[in-house]
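Below you'll find the structure, written out as structure tokens, and then a few comments.
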Ligand code: PGA
């Protein structure tokens, strides 16, 4: 892993009321050792961010948002801005998750606007990319990754992206129990790193953390983490139970 600090992130998606979120966060805060080798981030729903931050603020756990809008404020009913997220204690923002792309009309262009807004407010973006099953079958995986990475980061320069994280999440592996093989993950991660190197140069590509996402569980995390370009995981379903997530974090 070439000295990059691993990051394990839990994406709670549309799960947990405030009380449920606080309880899970309390268990995590009690169990995750300070100054561990692995950085840990959780992304609760918007409604629970502030309360969860209260629970984890003196722990090593970082807070992340699952999405944001690119405008600072305005008449955008139902949307949440980067400044609002920052004020709850968020340090990270997940952007361009495949569920946003599939179900909510997210495009590479809006992903790019969101990334820029996150950076402008010192939120570390976690840019999600990944191919569908049809795209993999059609051998278009690299083409899709190239487009999603390059368009998602359009107009940005290396100096703006020191804390960029990219999550490779093959759509066919999300919530399906079908994990990519460690070789498929490594190949895609290596390709993403080479795209970033070509575009932004070697120093950024070297420190870029690339997370794997898609049915990560306690029984597959350690194998994934042996791969040279896998720097952590973005965990959905298996992050909802504190005990299971703790097992993944201590892979
Ligand atoms: P999963 O979700 O772990 O439930 O497959 C991963 C994700 O969507 O980030």
One finds, for residue 58 and residue 133 with R0 = 41 angstrom and r their Cβ-Cβ distance, a FRET efficiency to the nearest 0.05 of 0.45
Descending packing, highest mean Cβ count within 10 Å first, for 44-56, 149-161, 71-83 is 44-56, 149-161, 71-83
Here, residue 147 and residue 243, labelled 7 Å along Cα→Cβ, have an inter-label distance in nm of 4.4
Quick calc of log₁₀ I(q)/I(0), the chain, Debye, one scatterer on every Cα, no solvent, q values 0.15 1/Å, result -1.03
Evaluated at 4 °C and 1.567 mPa s, the Stokes-Einstein D of the range 1-131 based on the Kirkwood radius over Cα pairs, in µm²/s, stands at 85
With a Förster distance of 22 angstrom and the Cβ-Cβ distance between residue 184 and residue 207, calculated FRET efficiency to the nearest 0.05 equals 0.40
Two pseudo-spin positions, 7 Å from Cα along C-beta at residue 104 and at residue 47, lie apart in nanometres by 1.5
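How high is the FRET efficiency from residue 222 to residue 26, r the C-beta distance, R0 30 Å, rounded to 0.05?
0.70
None of the figures in this text is laboratory data; all of them are computed from the coordinates on show. Only a predicted model underlies this, so the values are computations on that prediction, with no experimental measurement involved. Neighbour counts run over all protein chains shown; Cβ positions are idealised from the backbone, glycine included.
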